[in-house]
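Following: one structure in structure tokens, then a few remarks.
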């Protein structure tokens, strides 16, 4: 009937098969539905994983830049601290 209307969708289980053995027909339909949902979930997971992986890489680059900035700031602070200590010992500042 669906093919007569031009929809072009053929049911995996005919009405005759369903009428003869409804439990097997429902199990088959359930198996097809579960398989579809599994594949759909797997594809969605793969796409989300790739997107999150790209975000992680960007964040790692930012962390590396900030670590380098902290290292430079720490070196500068150490040098300034040494100069301040030296100036205090020489009596130039109180």
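Axis of helix 22-90 versus longest Cα principal axis of the chain: the two differ by about 0°, to the nearest ten degrees. In a Debye calculation with equal point scatterers on the alpha-carbon sites of the chain and no solvent, what is log10 I(q)/I(0) at q = 0.13, 0.18, 0.19 Å⁻¹? Normalising to I(0) and taking log10 leaves -0.78, -0.97, -1.00. Largest GNM mean-square fluctuation across 37, 26, 80, computed for the chain with C-alpha springs under 10 Å, falls on 80.
Every read-out reported here was derived from the displayed coordinates using simple, explicitly stated rules and does not represent laboratory data. From a predicted model like this one, the values you see are computed outputs, not experimental measurements.
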